[in-house]
Amino acid sequence: MNKAPKLRLGIDLGGTKTEVALLDQQGLVLERERLPTPQGDYPGTLNTIQQLIGRLEARHTLNGLALGIATPGSPSSIDGHMKNCNSICLNGKPLLTDLEQKLRRPVRLANDADCFALAEAHNGAAQEANSVFGVILGTGVGGGLVINKRLLQGPNHICGEWGHNPVALNALQPNAAFKPESLSAYEQERPCYCGKTNCVETWLSGPALSQSDWELGGKHHKRPAREIASASQAGESQASQAINHYTHILASALATVINIIDPEVIVLGGGLSKIDSLYEQLPDVLTPYVFSDEILNRIVPAQQGDSAGVIGAAYLWG
């Protein structure tokens, strides 16, 4: 008798939308559905997740199938309550316990960057690699580490949170196209919402690039990152300088990851990962920061797009 295919069930709990997906044994999406995420409404969020699972159960035999959920934060190692969520109604709430009781099935949680890394390691740009560091460069900066197709979370559930390490601006190395003193145009002390100053996120997120571009010129409104990237590609000097600075700071921050983990593949996701020049320039710019005579790590753009969260969540159970 042939065994039924192993199904995987995932939820991506985003700030604006909540998405469910059912995957087959090969990781192909059998079905997916989205609903708006209730803003600032914790009970409503639980009900939305229950509603999405209920709709799938009406069409598929799930039999208490284990659920993985990509969340905008992570559970505390102290009491299991949520922390570091930009959807602040989740902070301090026992999300895992509440969902297991409400859905009557096993549940695992991981932050959205972790699930992004899992998705790219299984079905995306790094599926041939044994070690993958997934990077989110968007409204915020996050990361996730996958070893042999399994997510490494750590005892504090913060593995990969490189976005809240400090940027060493005074350690940036000059080359023909970049002079560290050119950073003097910036307000160099950038407070972060986490309470520290000059975190990676304050220099490498989308809003951070907009801030850098504005501080270089200051004569126009703050432009979104995609507009700055387009202006740089068209040859505008101010935008090109902002992108150049961004690339060097990114190289310095990624070198720290490479020196500690040395992942085979670094996958870039989020809106800023669409800046094509990053993939052309980063290999050379990394050289003075990485403790090696050659750099064999591949840096590639993500393939899963906005599906990454829900697909990665479905792989939280292996």
Quick one: count up the residues across segment 196-252 that are surrounded by fewer than 17 Cβ atoms within 10 Å (Cβ to Cβ), acidic (Asp, Glu) and under 19 Å from ASP276 (Cα atoms).
2
All-but-one check, PRO191 against (1) out of contact with any strand residue (DSSP E or B) (no Cβ under 9 Å at 6 or more places or on another chain); (2) within 30 Å of ILE158 (Cα to Cα), failing number (1)
Quick one: what pairs do we get from segment 184-195, first residue farther than 12 Å from LEU169 by Cα, second hydrophobic (A, V, I, L, M, F, W, C), C-beta under 6 Å, 6+ apart or different chains?
ALA185/LEU216; CYS192/CYS199
Answer yes or no: is there a residue in segment 192-208 that is touching a Phe, Trp or Tyr at 6+ places or on another chain (Cβ under 8 Å), in the same structural domain as LEU282 (by TED's automatic domain parsing) and charged (D, E, K, R).
no
Report whether or not LEU56 is closer than 28 Å to PRO155 by Cα and out of contact with any Gly (no Cβ under 8 Å at 6 or more places or on another chain).
no
Looking at GLU100, GLU128, which is the one that is part of a helix (DSSP H, G or I) and either of a type outside the set (Phe, Trp, Tyr) or surrounded by fewer than 15 Cβ atoms within 10 Å (Cβ to Cβ) (or both)?
GLU100
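The values are calculated or read from the model by the stated rules, or taken from the named source; none is laboratory data. Fair warning: this is a prediction, and the values are worked out from it, not measured in the lab. Methodologically, a virtual Cβ is constructed for each residue, glycine included, from the backbone with ideal geometry; neighbour enumeration extends over all protein chains shown.
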